[in-house]
1. At 1.4 Å probe size, put L93, L34, L110 in order of accessible surface, largest to smallest.
2. Please give me the summed charge of the neighbours of T49: other residues whose Cβ is under 15 Å from its Cβ, Lys and Arg +1, Asp and Glu -1.
3. Quick one: how many Å² of R33 are accessible to a 1.4 Å probe, rounded to 10?
4. If ligands, DNA and RNA are left out, what is the accessible area of E48 with a 1.4 Å probe, given in Å² to the nearest 10?
5. Taking all protein chains in place and a 1.4 Å probe, what share, in percent, of the accessible surface of the range 44-85 do carbon and sulfur account for?
Amino acid sequence: MKWILPALVLSLLTLPALAQPPSDDEVNEVAARLYCPVCENVPLDDCETAACRQWKAEIRHQLDAGQSPRAIIDDFVARFGQQVVGTPTDPTLRALALVTPWALALGALLPGALLLRRWARQRKAASPLQDAPEAQDAQDDYRARVEADLRARR
């Protein structure tokens, strides 16, 4: 019984020593999902500005405190706004960000396809006139006159 209390105290004293600080990879895993507050469109893990170094140190501190990566990102979004994440965390904004490019592409391709279809119809409508017997006779007459003119010049 005498040895249980010292063993318990010893184990409690060694627990903080066993806890390792978060590695650079763990910090960069969270930082890769955030964007630099100073540079435009630069992920936090690639940026070397002073602000980014401070944010990485803060991420390291929060990971060391036991917070999850999702909680850290939510904390940054709450403090600095949606612009710190590449894709918004709000479901409505996220859906809008994902649907808008597709809607714009469809909005550009649909009129283009309709225009091509109309041109194809106009071309098809013009084709029967050229294939008609009268049109063929006119082309034969024209060809005969051109050939006669060429023979006359020789």
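1. Details: L93 75, L34 0, L110 100 Å².
From most accessible down to least: L110, L93, L34.
2. Details: positive: R53, K56; negative: E40, D45, D46, E48, E58.
Local charge sum for T49: -3.
3. 100
4. 120
5. Exposed carbon and sulfur together represent 50 percent of the surface.
The values are calculated or read from the model by the stated rules, or taken from the named source; none is laboratory data. Note that the structure is predicted; figures quoted are calculated from it, not measured. Note that we place each Cβ from the backbone using ideal geometry, even for glycine, and neighbour counts take in every protein chain shown. For accessibility, only protein heavy atoms count, side chains too; no ligands or nucleic acids. Shrake-Rupley method; radii C 1.70, N 1.55, O 1.52, S 1.80 Å.
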